């Protein structure tokens, strides 16, 4: 099988120097690439900017902005059997990108943000016979409800719920929610171990 995997953050630029982003390390996605390849499958990695060396043997596509991630994933998905979307995508971008570097003027700067492309939803719309697994990072008491809403809205076969404590950490704790709306599995440990458990669950339940 050929599996598309997204990892790391995206960046949305205010000017040529400053940008909006997040602290995603990309470790979870890169660990999933290792797990997929160890199981004998082909991994296609689309990675935002991270301080990690891509696993040997995988096809790598580097991106920076959400638009780039969206375009590359749409081009690649047609030749893949499924996608595991771990990338921490910026949901908003500045409406206007300023040229050069903005200088202080002594007054406040009002910043207008607009939504970025919904990469996972667009992959879900075109999945056909393929499977789609997304990640939902949620922080409040409605985490399960929010993750389930994401699963339905983005036409995923399963959603992986994790928490902000996973950001930048070598460990993770996840729950898997399938289309029944139930938590059907939970794994914790190093991201390497969690990636192996997650891939085994996908292989057992989604791969036909």
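Only the coordinates and a few stated rules stand behind these numbers; no lab work does. No experiment lies behind these values; they were computed from the predicted model shown. Every residue, glycine among them, receives a Cβ derived from its backbone with ideal geometry; neighbour counts consider all protein chains shown.
Summarising the overall dimensions of region 28-70 from its C-alpha atoms, the Rg and Dmax are 10.6, 31 angstrom. Helix 66-77 and the long axis of the chain differ in direction by around 30°, with both axes built from C-alpha atoms. Counting only alpha carbon atoms, the long axis of helix 27-38 and the longest principal axis of the chain meet at about 30°. Backbone N atoms of region 108-147 closer than 17 Å to the 7 Å Cα→Cβ label point of residue 23 belong to residues 137-140. Look at the alpha carbon pairs under 8 Å that are at least 6 residues apart: their mean separation over the length of region 52-129 gives a relative contact order of 37 percent.
Among the listed values [x] 1.30; [y] 0.95; [z] 0.99, the one matching Rg/Rh (Cα atoms, Kirkwood Rh) as calculated from this structure is [z]. Summary value for the chain: 21 percent relative contact order, contacts being C-alpha pairs under 8 angstrom separated by 6+ residues. Please say if region 64-120 is rounded, prolate or oblate, where rounded means a/c under 1.5 for a ≥ b ≥ c the square roots of the C-alpha gyration tensor eigenvalues, and otherwise the choice is prolate for a/b larger than b/c and oblate otherwise? Note, shape of region 64-120 comes out prolate.
Taking Cα atoms only, the orientation of helix 191-205 departs from the longest principal axis of the chain by about 60 degrees.
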